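Comments concern the structure below.
The values are calculated or read from the model by the stated rules, or taken from the named source; none is laboratory data. As the structure is a prediction and not an experimental result, all values here were calculated from the model. Because the Cβ atoms are built from the backbone with ideal geometry, glycine has one as well, and the counts that use them run over all protein chains shown.
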Amino acid sequence: MAAHPTTTPRSGALDALRRLPLRVGAAGGPLIALIVLIVALSFLSPVFMTERNLTAVLDQVSGLGIVAVGATLVIVIGGIDLSVGSVLALASMVCGYLFARSGLPMELAIVAALGTGALAGLVNGLLITLGRLPAFVATLAMLSVARGLALLVTNGETIADFPDWFRGLVTDELIGPFSASHLLLLGTLLAGAAYLRFRPGGRALYAIGGNEEVARLSGVNITAARLRVYTLAGLLAAVAGVLLTARLNSASPIAAQGFELDVIAAVVIGGASLSGGRGSLLGTFIGVLIIGVLRNGLTLLDVTAFLQQVVIGVVIAVAVMSDTLGRRRA
Amino acid sequence: MAAHPTTTPRSGALDALRRLPLRVGAAGGPLIALIVLIVALSFLSPVFMTERNLTAVLDQVSGLGIVAVGATLVIVIGGIDLSVGSVLALASMVCGYLFARSGLPMELAIVAALGTGALAGLVNGLLITLGRLPAFVATLAMLSVARGLALLVTNGETIADFPDWFRGLVTDELIGPFSASHLLLLGTLLAGAAYLRFRPGGRALYAIGGNEEVARLSGVNITAARLRVYTLAGLLAAVAGVLLTARLNSASPIAAQGFELDVIAAVVIGGASLSGGRGSLLGTFIGVLIIGVLRNGLTLLDVTAFLQQVVIGVVIAVAVMSDTLGRRRA
Amino acid sequence: GCGSSGDDGASGGGDRSIGVAVADLGAPFFNAIRLGAEAVGRERGYDVSVEDAQGDAQRQVDQVQGFITKQVGAIVYVPAGAAAASVPVEAANDADIPVIAVDRKPDGGEVLTFIASDSVAAARTLGEWYARATDGRGDLAVLQGQVGTTPEIDRKRGFDAGIAGTDIRVVAQQAANWNQEQGHRAAQTILQAHPNLRGFFGRSDAMALGAAEAASQAGVRDRLVIVGFDGLPAGLQGVKNGDLDATMVQQAYRMGRLAAENAIAAIEGRADGIPAEQLQEAFLATSENVDRYIAEQPYGPQKP
Amino acid sequence: MSGAPTTTAPSAAAPAGAAADGVLDCRGITKSYGGARALEGVDLALAPGEVVALLGENGAGKSTLSKVLTGVVSPDAGAMRIGGEPYVPARPADALSAGVAMIHQELRLVPELSIAENVFVGDLPMRGGRVDRTRMRREAAAQLERVGLATDPDRPVRELSVAAQQQVEIAKALHRDSRFLILDEPTAPLGEEETAQLFAQMDRLRREGVGMLYISHRLEEIARVADRIVVLRDGRRVAAWDRGDVPVDEVIRAMVGREVGNRFPAPAPPREEIVLRARGLTRSGAFEDVSLELRAGEVLGIAGLVGAGRTELVRAICGADRLDAGTIELADGPVTLRSPRAAVKRGVVLVPEDRKAQGALLDLPLEDNVALPSLDRLTRHGALRSGRLRDNARELIERLQIKAEPRQPVGSLSGGNQQKAVIAKWLPCAPRVMVFDEPTRGVDVGARPSIYAAIRRLTEEGAGVIVVSSELEEVLGLANRVLVMSRGRCTGTLEREQATPERVMALAAVKETADA
Ligand SMILES: Nc1ncnc2c1ncn2[C@@H]1O[C@H](COP(=O)(O)OP(=O)(O)OP(=O)(O)O)[C@@H](O)[C@H]1O
Ligand SMILES: Nc1ncnc2c1ncn2[C@@H]1O[C@H](COP(=O)(O)OP(=O)(O)OP(=O)(O)O)[C@@H](O)[C@H]1O
Ligand SMILES: O[C@@H]1[C@H](O)[C@H](O)CO[C@H]1O
Ligand SMILES: [Mg+2]
Ligand SMILES: [Mg+2]
């Protein structure tokens, strides 16, 4: 039997070192881009590296990050969810309506909002599995329907003024400088990462995205997995909707328009492939941070508004390119 | 040797009839949905079936239709172009700026606008081929950059007032009730369909989308095909931008926001698959008409804006579902 | 103090800077506010940094947070989203940074002043003019801006009051989100459904211009009375050409200038005299007086 | 059907009294795709501890029957029982939980996942609520060793050669501890050594009481592994023997319904003219310093063990992979082939070893598949008429005797016919050098002659042909000369007369190549 290079024994430490980039996987390039970005901004802006600003960045990305966790799972199975922005707004409106207009206790309103999001996600899943719709079509339909419903809840009006404790979810520091929303983001990321790594259901998602037929032939219940993932994506959009309501102290039916592209961008920048089978939550988190840090930095640096859009586009392209080109060379 | 259904001799006429749905291919379901929609609207609204209203529908979809031709080719090769809305706006602004601010003859301004669109498309293509970026990332970056540039052209201002002959492109009836913009739409569709069907370069696109490696090993020049297709998509976005300028008699840097989803929706409703290798311009045209007729009909019926969004979502889902479920049963 | 005076803000390097957070710079109205603010900044030697929320309230909160981090001397806040979020104002209050709100009034927190057109009164004037121009009869179609926003609500209220008691019937209402293309598309279809239509009220000039274009393309422009709102350069030009019959001229550029001047006054500790609300008059422009408004350039100096 | 040599009456029942002993028993299985009958009233019994060989031409229905047994497709009629109990698998998962596993004919792995995960997809080992990765890796390594694949179980499957992937596939099926195992052409991509290892595993499983259905076109293997033989033709069971060592000719007659003549046409003597001369070809990690010459009208065979670097060598010759060093010269001078396109333009074409990933466009019709390299040629007056595409396809269907219609998507063809489609597309290009990497993988004995005839015709037309095959017999039968590789190096070149299996194997096993 021919000896293959990988079987050649190597020194343990060296081996571990050589594996390091592999561990970060496809997120290696974006990680470097993120670090470059952070270092550059620390030099360019005196306030960038302050605790206050960094927690502000966390504030700004918590919704994006939470929704991106769901989107990562969706993308790992080779799907896509365009409806997250609309579902977020719908959940926010349900929460606001039930509290402010129907007088339900805030806690119940939150539960109902989360239920609404999960339900919307489940419907996406059903359209895709039983209805055999392409995910793009199913979630595009939901994008339209959920937005319409969000507007219908109050006939387009915004709802303002929520209880103090509720707003405290995003403002009050719970542990160190971290608010409940920060912890929620962290918790979601960790739980998602653990699921993808350690649970059979999570591992199976890669198989489904990598080759659905193989997964099916290997006895994986694809329908159940799909339903689970889309429901979760809807639920997490609702979580972000509730947090946004707390953050803005108001529920708006036109919140988060175009949000789906931000979310998918974060996931793809983090190394996931839209054709499925590849993606990690570490990568997604890096993608989320790149977007957050970039926007924050451009504001701090006084880059003019129109130029910001140009710069954001260029940085995204360069960040991902450094990764893909690097990988080819290797 | 096993007999295949297609080898069994059958009566010619019956055979032709049975083949009919196959000829329309994947667009069969949407075609039925479109017909149902048209019949229903004819009953519900007395003006729907008037020549005037139907040409108005054509007016409204001409931009969408022209851009969707490019998007179909992009999707057939397994790509995606998110930048069309921004490129459309950029081309429109270039055209407006050169004419109204720099005093260039309108003809030259148009040529420059088309060149800008093609260039943006070419850059997309280069980012994807040489830069090895996923199409989603490359065109998302372009979405941001082109929008920023469109805003920078006039520092955010709108440009109004164009020559009469130019506005006539969308109003003056050239042949029967059809304006130049209608003919352009038709011409683009036919040229695109002929390219896909009769030109080697067009046929090869299906191979690239079906399995890139197979196409490569068969000697197809994939890089050239990609560059060609994305450049064309940019050029057609610019054509739509010029037409929009003529239609509104003004150029706005925020035109066509979110347009990319409309375009992709039309193509996918028409039976193309986002994973590539499948799609036809007949299908795309049906998809475009479904969107156009639906919006027109709901406005004619004075359905309120919020409800419209709900209805549009539901109809899109049902239209495509009738297709996919039908195909499974067969 | 809750940041409504600038006396303790005179120290610190960031103090010769103003942050301008605008709802959506692609809309000419908002862009004119920015241009006004920037002009004042240039004249007075202040840094004016502008952020564009592109219509997203959440992003705007992030951007205001950035201003606070940078410790700008004052913030000019043109709220995005359906309703003006109070959160950025409260955050600025906490940081003792004075806030000048423009166009849409935050429902919480303390602003130094609120600058806007008196939309209700202006829309009422417009409604009354429309009623006269149509002899108080006929079918009217309305193109709505983004539903739920203050200007949309106020313009509806004012205009309805203006046409109250007449025989004008609103036969179609379609949302066109302040957007010219959507206005064009909706108007084109409405014209099919209502061949006897007498007029359009576009709740912004962009939408009204879209309707005018659709009407002239359908060859029915002459039969219609089309009114807009904003007094954009294109809108005024439209009135001059006969595309529009009337519009209400908002003094967008002036509002931007005023906001920046107030901001500077606050930074320099001279905020005392500034009233809490500064409603700007909006003027009715028709073919008779439009030249005057074109000359006045309410949206700032126009390029040739 | 007259004259079908049914040696033994198709006795539906397996060895006596089997029903009680957990026999997998199918009766009257019928399945059509659209109007095409793939199976018609097939009976089959599989007892624990026996190996039944299921043989038949391409398209006879072997894979379809396997898929029915494993719940991948549902039969239109017929019933199945295991140990007397009704067995109605609606999904593959049902079959797996009933203890029926399968190695699929087309590779069924997730390229992005590691070997270990592929082995355990759908059945991950757990500990304390989480996937036990240590155990997974350990058990995967053990399984890999059993099938003779010495590599790191953490490697992603996409990096593996087709043969290695097949070994992973086998490991995956073996680990399940199934009662029944269906092996659909498991040895097609394997070399002798890997095949021997598989058979050893099958012997072990037989002792453990696993019942196996074994499908193969390598009829020489049958006597070695099979206890019984069942032959399908056109979806019907046409012959069966209660022993495995039936003479190959007899089996072939039953399969094909006629005599198959001399299997390998003797190669014609080559011409003088050299069509390909390669010097010092090197691609690091794959092959080193390989030189070769190919004459017009010559067939050059390349032999070697799996992993010897044959595939990599020919891919590089055809522009599919980059060369690190070396020069290539064609009849009209030296060339640099940076892409397959550049090679195709100069008449150097490749039939790749993995038809599914590299050869066929499964969703597209046959006529588009076989026209792909010659689209320009088929264009007249600027237009590619569908009539010409169809004629082109009809001609190739005729020439290679492909059982398909021009409009049929290649994905719905049987494996052997897909292979023919992949070969067919190059024939209209009149290649000057045509490289076949495993030309007859999955092609039945009755159909191989048409491929061999195509090779013969190419050489008669003056092309040079390179044949890489894991079936030594095929290389020896077709080639004028045989180049042998071991570990990425050329260890020798033998003229047809000298090329005995023993000498080739000796060269293939050479460990150090200092002076070969
Ligand atoms: N999905 C499908 N759609 C239509 N026809 C099919 C499909 N799958 C198989 N067939 C047809 O069914 C028949 C039997 O095919 P099957 O794959 O069972 O043959 P096989 O005996 O396994 O052949 P091979 O030795 O080439 O693998 C063939 O005529 C084939 O074309
Ligand atoms: N049995 C194996 N164990 C581990 N790795 C293998 C094995 N076989 C192949 N590989 C891997 O695949 C690579 C490519 O082998 P390659 O396909 O070039 O060999 P080959 O001589 O063409 O064999 P084949 O008989 O499959 O055509 C090898 O370098 C090796 O890394
Ligand atoms: O008044 C303005 C303009 O009409 C603008 O187009 C949208 O926002 C409103 O507040
Ligand atoms: Mg088979
Ligand atoms: Mg090989």
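Residue count for segment D:264-299 satisfying the condition of being exposed (fewer than 14 other Cβ atoms within 10 Å of the Cβ) and under 18 Å from D:Leu337 (Cα atoms): 2. With respect to (1) over 16 Å from the mean Cα position of the chain (by Cα); (2) within 14 Å of chain B (Cβ to nearest Cβ); (3) under 30 Å from A:Ile254 (Cα atoms), the lone exception for C:Asn177 is condition (1). Of all the residues in segment D:423-439, those that are crowded, with 24+ Cβ neighbours inside 10 Å, in contact (Cβ under 8 Å) with a residue 60 or more places away in the chain and either part of a loop (DSSP other than H, G, I, E, B) or within 16 Å of ligand 2 (Cβ to nearest atom) (or both) number 6. For segment B:77-113, the candidate set comprises residues that are over 20 Å from the mean Cα position of the chain (by Cα) and part of a loop (DSSP other than H, G, I, E, B); within that set, the residue that is farthest from the other protein chains (Cβ to nearest Cβ) is B:Pro105. Pull up segment D:301-326, narrow it to residues that are within 14 Å of chain A (Cβ to nearest Cβ) and more than 20 Å from D:Val510 (Cβ to Cβ), then point me to the one that is farthest from ligand 4 (Cβ to nearest atom). Restricting to residues being within 14 Å of chain A (Cβ to nearest Cβ) and more than 20 Å from D:Val510 (Cβ to Cβ), the top hit is D:Arg322. Scanning segment D:464-477 for residues that are away from ligand 5 (no atom under 16 Å from the Cβ) and at pLDDT below 95, we see that the one that is surrounded by the fewest Cβ atoms within 10 Å (Cβ to Cβ) is D:Glu473.
Quick grid of which residues meet (1) surrounded by 22 or more Cβ atoms within 10 Å (Cβ to Cβ); (2) modelled with pLDDT of 90 or more; (3) at the interface with chain A (Cβ under 8 Å from one of its Cβ atoms):
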site	(1), (2), (3)
B:Ala266	yes, yes, no
B:Ala272	yes, yes, no
B:Phe285	yes, yes, no
B:Leu289	yes, yes, no
B:Gly297	yes, yes, no
B:Val314	no, yes, yes
B:Arg329	no, no, no
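Whenever a residue of segment B:291-319 is closer than 19 Å to A:Leu90 by Cα, its partners that are part of a helix (DSSP H, G or I) and hydroxyl-bearing (Ser, Thr, Tyr), lying with C-beta atoms within less than 8 angstrom and at least six residues away or across chains, give the pairs B:Gln308/B:Thr299; B:Gln309/A:Ser144; B:Val310/A:Ser144; B:Ile312/A:Ser144; B:Gly313/A:Ser144.
A quick yes/no check of all residues on (1) away from ligand 1 (no atom under 16 Å from the Cβ); (2) at pLDDT below 95; (3) within 14 Å of chain B (Cβ to nearest Cβ); (4) closer than 21 Å to D:Ala60 by Cα:
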site	(1), (2), (3), (4)
D:Glu398	yes, yes, yes, yes
D:Ser412	no, yes, yes, yes
D:Gly415	no, yes, no, yes
D:Cys429	yes, yes, yes, no
D:Phe436	yes, no, yes, no
D:Gly442	no, yes, no, yes
D:Arg456	yes, yes, no, no
D:Gln498	yes, yes, no, no
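Condition test on C:Phe114, is it within 25 Å of B:Ser144 (Cβ to Cβ), in contact (Cβ under 8 Å) with a residue 24 or more places away in the chain and not β-branched (Val, Ile, Thr)? No: the conditions fail for C:Phe114.
Tallying residues that are touching a strand residue (DSSP E or B) at 6+ places or on another chain (Cβ under 7 Å) and not in a helix (DSSP H, G or I) within segment B:134-176 yields 5. Taking the numbered list (1) hydrophobic (A, V, I, L, M, F, W, C); (2) within 18 Å of the chain's Cα centre (by Cα); (3) at pLDDT below 90; (4) not in a loop (DSSP other than H, G, I, E, B) in turn, C:Ala84 passes all entries but (4).
Listed conditions (1) in contact with a Gly (Cβ under 9 Å, 6 or more places away or on another chain); (2) more than 14 Å from chain C (Cβ to nearest Cβ); (3) over 20 Å from A:Ser275 (Cβ atoms); (4) at pLDDT 95 or above are all met by A:Thr72, apart from (3).
For every residue, the table says whether it meets (1) at the interface with chain A (Cβ under 9 Å from one of its Cβ atoms); (2) in a loop (DSSP other than H, G, I, E, B); (3) within 16 Å of ligand 2 (Cβ to nearest atom).
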residue	(1), (2), (3)
D:Leu96	yes, no, no
D:Met102	yes, no, no
D:Arg108	yes, yes, no
D:Glu112	yes, yes, no
D:Gly122	yes, yes, no
D:Thr134	no, no, no
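Per-residue answers, yes or no, for (1) in contact (Cβ under 8 Å) with a residue 40 or more places away in the chain; (2) under 30 Å from C:Ala206 (Cα atoms); (3) at the interface with another protein chain (Cβ under 7 Å from one of its Cβ atoms); (4) surrounded by fewer than 17 Cβ atoms within 10 Å (Cβ to Cβ):
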| site | (1), (2), (3), (4) |
| --- | --- |
| B:Arg147 | yes, yes, yes, no |
| B:Leu151 | yes, yes, yes, no |
| B:Asn155 | no, yes, no, yes |
| B:Ser179 | yes, yes, no, no |
| B:Leu183 | no, yes, no, yes |
| B:Gly209 | yes, no, no, no |
| B:Glu212 | yes, no, no, no |
| B:Gly219 | no, no, yes, no |
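Of the candidates D:Glu298, D:Glu329, D:Glu272, D:Glu250, the single residue that is touching a residue at least 12 places away in the same chain (Cβ under 8 Å), in contact with a Phe, Trp or Tyr (Cβ under 9 Å, 6 or more places away or on another chain) and away from ligand 4 (no atom under 16 Å from the Cβ) is D:Glu250. In this structure, C:Gln54 qualifies as out of contact with any strand residue (DSSP E or B) (no Cβ under 8 Å at 6 or more places or on another chain) and either polar (S, T, N, Q) or not in a helix (DSSP H, G or I) (or both).
Here is a check on your reading of the model: is D:Gly41 away from ligand 5 (no atom under 16 Å from the Cβ), more than 17 Å from D:Tyr214 (Cβ to Cβ) and touching a Pro at 6+ places or on another chain (Cβ under 7 Å)? Answer is no for this residue.
Residues that are aliphatic (A, V, I, L, M), within 16 Å of ligand 5 (Cβ to nearest atom) and within 14 Å of chain A (Cβ to nearest Cβ) within segment D:179-209 comprise just one, D:Leu190.
Taking the numbered list (1) over 24 Å from D:Ala164 (Cα atoms); (2) in a loop (DSSP other than H, G, I, E, B) in turn, D:Ile455 passes all entries but (2). Can you find even one residue in segment D:371-390 that is within 21 Å of the chain's Cα centre (by Cα) and away from ligand 4 (no atom under 16 Å from the Cβ)? The answer is no; no qualifying residue exists.
Condition check ((1) of a type in the set (A, V, I, L, M, F, W, C); (2) within 16 Å of ligand 2 (Cβ to nearest atom); (3) more than 10 Å from chain A (Cβ to nearest Cβ); (4) out of contact with any Asp or Glu (no Cβ under 8 Å at 6 or more places or on another chain)) across all residues:
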site: C:Thr69; (1), (2), (3), (4): no, no, no, yes
site: C:Val99; (1), (2), (3), (4): yes, no, yes, no
site: C:Phe114; (1), (2), (3), (4): yes, no, yes, no
site: C:Leu126; (1), (2), (3), (4): yes, no, yes, yes
site: C:Ala141; (1), (2), (3), (4): yes, no, yes, yes
site: C:Thr150; (1), (2), (3), (4): no, no, no, no
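Under the condition of being among the charged types (D, E, K, R) and assigned to a strand (DSSP E or B), the residues counted in segment C:59-76 number 0.
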